[in-house]
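Peer 1: Let me give you the structure first, and then I'll get to my questions.
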Number of protein chains: 6
Amino acid sequence: MRIDGREPMQLRPIHIETNYLMHPEGSVLISVGNTKVICAASIEDRVPPFMRGEGKGWITAEYSMLPRATETRNIRESSKGKVSGRTMEIQRLIGRALRAVVDLGTIGERTVWIDCDVIQADGGTRTASITGAFVAMSLALNSLAEKKSLARFPIIDYLAATSVGILKDNQTVLDLNYAEDSKAQVDMNVVMTGSGEFVELQGTGEESTFSYEQLQGLLQAAQGGLVELFEYQKIALGAEIMKKIEERRKK
Amino acid sequence: MRIDGREPMQLRPIHIETNYLMHPEGSVLISVGNTKVICAASIEDRVPPFMRGEGKGWITAEYSMLPRATETRNIRESSKGKVSGRTMEIQRLIGRALRAVVDLGTIGERTVWIDCDVIQADGGTRTASITGAFVAMSLALNSLAEKKSLARFPIIDYLAATSVGILKDNQTVLDLNYAEDSKAQVDMNVVMTGSGEFVELQGTGEESTFSYEQLQGLLQAAQGGLVELFEYQKIALGAEIMKKIEERRKK
Amino acid sequence: MRIDGREPMQLRPIHIETNYLMHPEGSVLISVGNTKVICAASIEDRVPPFMRGEGKGWITAEYSMLPRATETRNIRESSKGKVSGRTMEIQRLIGRALRAVVDLGTIGERTVWIDCDVIQADGGTRTASITGAFVAMSLALNSLAEKKSLARFPIIDYLAATSVGILKDNQTVLDLNYAEDSKAQVDMNVVMTGSGEFVELQGTGEESTFSYEQLQGLLQAAQGGLVELFEYQKIALGAEIMKKIEERRKK
Amino acid sequence: MRIDGREPMQLRPIHIETNYLMHPEGSVLISVGNTKVICAASIEDRVPPFMRGEGKGWITAEYSMLPRATETRNIRESSKGKVSGRTMEIQRLIGRALRAVVDLGTIGERTVWIDCDVIQADGGTRTASITGAFVAMSLALNSLAEKKSLARFPIIDYLAATSVGILKDNQTVLDLNYAEDSKAQVDMNVVMTGSGEFVELQGTGEESTFSYEQLQGLLQAAQGGLVELFEYQKIALGAEIMKKIEERRKK
Amino acid sequence: MRIDGREPMQLRPIHIETNYLMHPEGSVLISVGNTKVICAASIEDRVPPFMRGEGKGWITAEYSMLPRATETRNIRESSKGKVSGRTMEIQRLIGRALRAVVDLGTIGERTVWIDCDVIQADGGTRTASITGAFVAMSLALNSLAEKKSLARFPIIDYLAATSVGILKDNQTVLDLNYAEDSKAQVDMNVVMTGSGEFVELQGTGEESTFSYEQLQGLLQAAQGGLVELFEYQKIALGAEIMKKIEERRKK
Amino acid sequence: MRIDGREPMQLRPIHIETNYLMHPEGSVLISVGNTKVICAASIEDRVPPFMRGEGKGWITAEYSMLPRATETRNIRESSKGKVSGRTMEIQRLIGRALRAVVDLGTIGERTVWIDCDVIQADGGTRTASITGAFVAMSLALNSLAEKKSLARFPIIDYLAATSVGILKDNQTVLDLNYAEDSKAQVDMNVVMTGSGEFVELQGTGEESTFSYEQLQGLLQAAQGGLVELFEYQKIALGAEIMKKIEERRKK
């Protein structure tokens, strides 16, 4: 039994509240246990300089935590005047992951800006951000598709992320909370499509290492959690958008 | 009649949800119409260098907006690497205002950090921040008082803020939303104590000016709104804390 | 009687030396007692990006202190690599105030850059900056009007600023020096036009508050000082420019 | 056959020149084909603030490229005034990887600074950095062990890294050069110990995805290359240090 | 004859106004023709970290220009967030030059901060800064010597600087103004002691070169100007300080 | 006899390895004793904004040290977020010196970027950088001349640099290593053309001064060393490029 009473392969309670904000083209408040992230998707009618003239779109993400999302207050990156390495790693990961399930040619020279702002942190903020951002982005791109009648629906598959890890007692667990994460030997983030393909795999031994057999156990645990997460995303998006994604996925 | 159907002297709907976050010593989500701000109060057991050895506490505030709190996305200050002049003005104002109603000698060499993060903006974010921050700070200082049995309760009066303005048609209005604010001739923020004393008064003619008579009308409008805001704060804080503030106020 | 022997409602000695520098289109050295500020106005033949294509001009200000303008040396903002909140607040105030008395449509797509550099500080540097900057700007815009034969003279009224405050002994005083300012309970800056209209009003209780009656006393004190300051400005500008401003003011 | 004539599972030519620089406690110039990195290890007699008083050591890394290490000149990060997200990701990875094979308690409150400066880049700079940095660090820690007679030899296993990927034609290849890397569908970096345990696994679909079967092929390819790399490290370190590592590894 | 009517070996008019500011321990306003610099010397009772514990003092300088010191407005370095290479070169030069004529052991662990702020620029701002800074520093150190009764007077010689150059027509001239400087082939700054020894020599061919014979002519020209500058410094410092410097110089 | 056994007028061993890197248009690894610098020359087909439209080229230089080029590790300027004054001085010097021997009109609107990266430092890094950069630049401009058939060969003379100094025992020496440099009374860098003309002369008394006679001795010493350095450059460049430079030099 885990600290918070869960089974090893059990996710924390998931809630996805869509259209949480009035201004963005798409937005959600996602809760994974006590971890809460506001994900907003904004559409801008141009691409960054290095993409101009290619007729393709771009997706980029920014990630931040409120200073008191954490147990002790952390200093704002705007006050420090620079963004930490950890933040940069996370926002590069979110953007890269989302680009894997969007047909960028379909959306034309537009940028989808994803903002993931962690309101409350209890472990797994980057995977919650990806899972929530996929929904926010889908809402925004759906509204774009409706307004601009794109040639095809631009989202080609579902996308979600979760963490798995090996605790000090060698137990493999799914969806670590902060207390577990800070004591785990091995920590792995898995980003997967609705079709069960990997998009990103980041496994780290924390002053520790892991064997090929342990890796297999971790990947299996992740897959179990991700299948559930796709179901929450489908409910949040609703039947109409689900149908459009399924159609693109088949092809 | 105003854009959103209000009377000239009518506040927008106010909601104050206390203990919105699990980590901070005090926190609220305040809504003033569509303007929504998360206010968190954190207590740190030391003061900034310039205050050390005086045996007094300090209160300081930081203010930020989520990139998509606004109609068009604004660039994060952490990405720009510097905090704008507007942000600095607002956070200096919030800190200064709160310090006027706290007996800093009572709390010892501690800092109260106030974080006001605007989730959604529709005008009046700085005044909503002050009104919400007062409640978050009161919760935090009350919990400090309970744990550390301070010599006296440190809060000596209520504190709230609102905006008033003169629209293009010369009408004086209370609590401007963004559409009104961006077209007003005169814009004034008033910070007041529960006893009706001014703490801060900032009136600005926007490429315009205002007369002494107009100033009197603006101040009267502000006072009407502030009396209501104090009632919302009292309900949010509850009878026990209210009683402690009233006791200190009498003296 | 005050520290420096003045009456409560007495300004410090005022000197305005025009054309203090050889390069700028307009410049002054203003002294308000021991406070000395060099104000320079530069005209640039374009406006910032957010104003382009509107056919209107813009006025913007920068403010700085020499490191040893103050009793103890303060670190240069260029060495710190960032501008302080206080500096930003002041330069935003100066620019906003000046824009209230200029017909921006008349000057076309040009920017007036105002530089206020405090050579020596003894309280009231922001109000001295506004009072001096108005004269420097008037000289620069007059020379522009003469060279480019603008459709109309662009300055529509005088503009000056002063500070008023309430000392610890509850006395209301005009034009506080540094020693008074650092011990005042209430500090208020008033920016007014030659016609007696308010442009900006910033009153602050310094860990203190003020009543409606005290506010009335402060405003009356300010008005007395401002009437005198307008006379100094008129002498500095000379009869010809005075006449042009008066003509615009009437309409 | 690959662009440069190699077999799919063939590494590029490896050279490790030890003690390349006169000042650092340990240094190498490592070449992996045309990729050349200077790795220097410096020992400092203190740890960062967050580690003080724990009696343990710390290992941290910095990574940089000369501006003309690449085909077109890239701007120096010192000129830009900030370190890119990519650089931060890489230096965090190098430090984390090295810490997995060092018994930090043995070295006391000391920091090992690893500097990886890419002189010439042709793909795989981060994995070459890790492989070279392990040798430089071993030399530095060996000299520390000799001078300070540490209780035990601090290095507990070998550590090397390589990249594997899936090209556009679905071929899985080992040790991608820049031309291959920029066109690969999937790119994976694998950091492994001499005992065959994973330390870090980072697989990324580049606007693409990969299946579980493909993952297995990638890991097998990586393992083949890593076994060879450990041999190059052993030759570079020499028999004496090899023996010390082997002894610690057994326990 | 030169642009401004001077002879080739003629300095521009020199004025040194001592005690120009009320706060610093020493200050001057120096004019060299139209070039005007405020030099302030501040004494701080500690030395920078790298000097602590040596029982010696330190002298450091900062240099800046007002934005409109020049013909076209230049952007403030505080707004740009960094100090230019030119500014750094100049402030390093000023500090190094002054340290050559001060017995740093005599002043104890104190720092003399020199601030040179160019109010108006017409060529030769760095040499005017050195010449003026020497006077400001002498006033400050004299007042320190009087208050703290130092073992010996700390200034061991006079110090001044001037520029010389070769114009396009091959004429060697002394003390170039901006118009001359911007068209000169060769530009040389010479810093010399009252005893005729060189402290610093910086000669530069501006997309041009110079022969050994030309160098000799330049040095002779500089020496002529410097002899005059020492006389202006002596008058500014007055008989008492002059006597103290002469006494130290003899030994 | 000197610390390292050299005669006072003896250079350290010089090696210039051309085409050290595969990507740049020209590159060398220059060793002057233990000082080692990689110099790379890159050609960009545009000039900086302030040069556009003049039909001329530009040459600019950047200089950096690896963190462990020095005896104790120095912090990277990219980590500090700013470039030091010393670095700026050096890079301005390198660029200025090289521009003196290039006919900028001949190369059209192109920029030559010079990167000098110090791999190992033992005194004289800026002069080694200039001497090496001249060779790298010559290789790059020769390859440009061959590809673009420029109207004339753009290099009009050789260029090298060395340091001379006066040690504590009053001995004048050539080419100081770090141990000598850090104890010298006077330090002078001399940049000269192959025709024996000065390009740059920077002499500094380090808390010391120097006489006219000493200056003459220093310049004579420098000239002796420079004559040798030109020979090393000629060998490195080879007969063909030598011939082209000689032809331009004659005219």
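The values are calculated or read from the model by the stated rules, or taken from the named source; none is laboratory data. This is a predicted model, so every value here is computed, not measured. So basically every Cβ, Gly included, is an ideal-geometry build from the backbone, and we count neighbours across all protein chains shown. Just the protein is used for accessible areas: all its heavy atoms, side chains included, with ligands, DNA and RNA removed. Shrake-Rupley method; radii C 1.70, N 1.55, O 1.52, S 1.80 Å.
Peer 1: I'd like the interface area for chains C and B: accessible area of each alone minus the complex, both sides summed, 1.4 Å probe, protein heavy atoms only. What is it in Å² to the nearest 100? If you can, show how the numbers build up before the last one.
Peer 2: Numbers: alone 12310 and 12310 Å², together 21760 Å².
Using a 1.4 Å probe, the pair buries roughly 2900 Å².
Peer 1: If C:110, A:12 are ordered by their accessible area, calculated over protein heavy atoms with a 1.4 Å probe, which sequence runs from highest to lowest? Write out the running numbers ahead of the final one.
Peer 2: Numbers: C:110 45, A:12 10 Å².
The residues order as C:110, A:12, largest area first.
Peer 1: For residue F:35, what residues show an amide H to amide H distance below 5 Å, using hydrogens built from the backbone and excluding near sequence neighbours?
Peer 2: Residues meeting the amide H criterion: F:122.
Peer 1: Indicate the residues belonging to the stretch D:46-77 that lose 50 Å² or more of solvent-accessible heavy-atom surface (probe 1.4 Å) upon moving from the chain alone to the assembly of all protein chains, ignoring ligands and nucleic acids.
Peer 2: In the stretch D:46-77, residues shielded by partner chains: D:62, D:66, D:68, D:73, D:76.
Peer 1: Give me the angle, in degrees from 0 to 90, between the Cα long axis of helix F:212-250 and the longest principal axis of the Cα atoms of chain F, rounded to the nearest 10.
Peer 2: Helix F:212-250 sits roughly 30 degrees off the main axis of chain F.
Peer 1: Find the Cα radius of gyration of the stretch A:1-60, compare it with 2.2 N^0.38 Å by division, and give the number to two decimals. The partial results should precede the final answer.
Peer 2: Numbers: Rg = 18.0 Å, N = 60, 2.2 N^0.38 = 10.4 Å.
Rounded to two decimals, the normalised Rg is 1.73.
Peer 1: With the other protein chains left in place, how much accessible area per residue, in square angstrom, belongs to the stretch F:135-185 at a 1.4 angstrom probe?
Peer 2: 36 Å²
Peer 1: Compute the signed sum of charges (Lys and Arg +1, Asp and Glu -1) over the other residues within less than 11 Å, Cβ to Cβ, of residue E:205.
Peer 2: Numbers: positive: F:96, F:99; negative: E:187, E:206, E:207, F:197, F:200.
That sum, taken over residues with Cβ under 11 Å, equals -3.
Peer 1: A further question on this structure: Could you tell me the convex hull volume per residue, in Å³, taken over the Cα atoms of the stretch F:105-212?
Peer 2: Details: hull volume 13.4 nm³, N = 108.
Cα convex hull per residue, to the nearest whole number: 124 Å³.
Peer 1: Would you work out the relative contact order for the stretch C:119-229, in percent, from Cα pairs under 8 angstrom that are 6 or more residues apart?
Peer 2: Values: 171 pairs, mean separation 28.6, N = 111.
Answer for the stretch C:119-229 is 26 percent.
Peer 1: Further question: Please report the relative contact order for the stretch B:1-136, taking Cα pairs under 8 Å with a sequence separation of at least 6, and give it as a percent rounded to a whole number. Walk me through the intermediate numbers first.
Peer 2: Details: 267 pairs, mean separation 49.3, N = 136.
Normalised by residue count, the contact order of the stretch B:1-136 is 36 percent.
Peer 1: In Å and from the alpha-carbon atoms only, list the Rg and Dmax of the protein assembly as shown.
Peer 2: 35.2, 97
Peer 1: Pairs to check: A:183/B:56; A:80/B:36; D:36/D:244. Give those whose C-alpha atoms are more than 31 Å from each other in this structure. Write out the running numbers ahead of the final one.
Peer 2: Numbers: A:183/B:56 39 Å; A:80/B:36 25 Å; D:36/D:244 28 Å.
A:183/B:56, as the Cα separations exceed 31 Å there.
Peer 1: State, to one decimal in nm and shortest first, how far the label point of residue E:143 sits from each corresponding label point in the other identical copies (label point: 7 angstrom along Cα-to-Cβ).
Peer 2: The projected label point of residue E:143 is separated from its counterparts by 3.5, 5.2, 5.2, 6.2, 6.4 nm.
Peer 1: Same structure, new question: How high is the FRET efficiency from residue B:170 to residue C:250, r the C-beta distance, R0 30 Å, rounded to 0.05? Each step should come with its number before you reach the end.
Peer 2: Details: r = 22 Å, r/R0 = 0.73.
Efficiency computed from Cβ-Cβ geometry: 0.85.
Peer 1: Order D:178, C:232, B:158 by their accessible area, 1.4 angstrom probe, all chains in place, largest first.
Peer 2: Working: D:178 130, C:232 80, B:158 0 Å².
I get D:178, C:232, B:158, largest accessible area first.
Peer 1: Still on this structure, please answer the following. Bin all alpha-carbon pair distances of the stretch F:1-155 at 5 Å intervals from 0 and give each bin's fraction as a whole percent.
Peer 2: Taking every Cα pair in the stretch F:1-155, the percentages come to 2, 9, 17, 20, 18, 14, 10, 6, 3, 1, 0, 0.
Peer 1: So, one more: Relative to the longest principal axis of chain B, what angle (0 to 90°, nearest 10) does the C-alpha long axis of helix B:85-99 take?
Peer 2: With rounding to tens, the tilt is 50 degrees.
Peer 1: Follow-up question, since we're still on this one. Residues with beta-carbon under 15 Å from that of residue D:40, excluding residue D:40: net charge, scoring Lys, Arg +1 and Asp, Glu -1? Mind showing how you got there, number by number?
Peer 2: Numbers: positive: D:36, F:36, F:68, F:73, F:76; negative: D:17, D:25, D:44, D:62, D:115, D:117, F:71, F:117.
With Lys, Arg at +1 and Asp, Glu at -1, the neighbours total -3.
Peer 1: Okay, moving on. With everything on Cα atoms, drop me the angle between helix C:125-148 and the longest principal axis of chain C, reported from 0 to 90° to the nearest 10.
Peer 2: Once rounded, one gets 10 degrees.
Peer 1: Return the calculated 222 nm mean residue ellipticity for chain D, to the nearest 500 deg cm²/dmol, obtained by summing -39500 (n - 2.57) across DSSP H runs with n ≥ 4 and dividing by the residue count. Walk me through the intermediate numbers first.
Peer 2: Numbers: 5 runs with 86 residues, N = 251.
Rounded to the nearest 500, it is -11500 deg cm²/dmol.
Peer 1: To continue, here is another question. Net charge within 11 Å of residue A:191 by Cβ-Cβ distance, Lys/Arg positive one each and Asp/Glu negative one each, not counting residue A:191 itself? Before the final figure, lay out each step's value.
Peer 2: Details: positive: A:96, A:126; negative: A:197, A:200.
Taking every Cβ under 11 Å from that of residue A:191, the sum is 0.
Peer 1: I would also like to ask the following. Threshold 40 Å², probe 1.4 Å: give the residues of the stretch E:1-44, in number order, that are less accessible with all protein chains present than with their chain alone.
Peer 2: Listed by number, the residues meeting the 40 Å² cut-off are E:20, E:21, E:22, E:23.
Peer 1: Considering only E:101, E:47, E:32, give the residue with the highest GNM mean-square fluctuation for chain E, with springs between Cα atoms whenever their separation is below 10 Å.
Peer 2: For chain E, modelled as a Gaussian network with Cα springs under 10 Å, the answer is E:47.
Peer 1: In the stretch D:1-77, which GluC sites (Glu not before Pro) are in a loop and have at most 15 other Cβ atoms within 10 Å, using DSSP for the loop call? Let's see the in-between values first.
Peer 2: Working: sites: D:17, D:25, D:44, D:54, D:62, D:71, D:77; in loops: D:25, D:54, D:71.
Sites meeting the loop and neighbour criteria: D:54, D:71.
Peer 1: While we're looking at this one, here's another question. With all protein chains present, how much of the accessible area of the stretch E:93-166 (probe radius 1.4 Å) comes from carbon and sulfur, to the nearest whole percent?
Peer 2: Working: 690 of 1510 Å².
Ligands and nucleic acids excluded, carbon and sulfur give 45 percent.
Peer 1: Got the relative contact order for the stretch F:158-207 handy, in percent, Cα pairs under 8 Å and 6 or more residues apart? Mind dumping the intermediate values first?
Peer 2: Working: 95 pairs, mean separation 18.1, N = 50.
Contact order relative to length: 36 percent.
Peer 1: Moving on. Less than 19 Å apart at the alpha-carbon level, and either on another chain or at least 8 residues along: which aspartates and glutamates does that give for residue C:250?
Peer 2: Leaving aside aspartates and glutamates fewer than 8 places away in the same chain, those within reach of residue C:250 are B:207, C:103, C:157, C:197, C:231, C:240.
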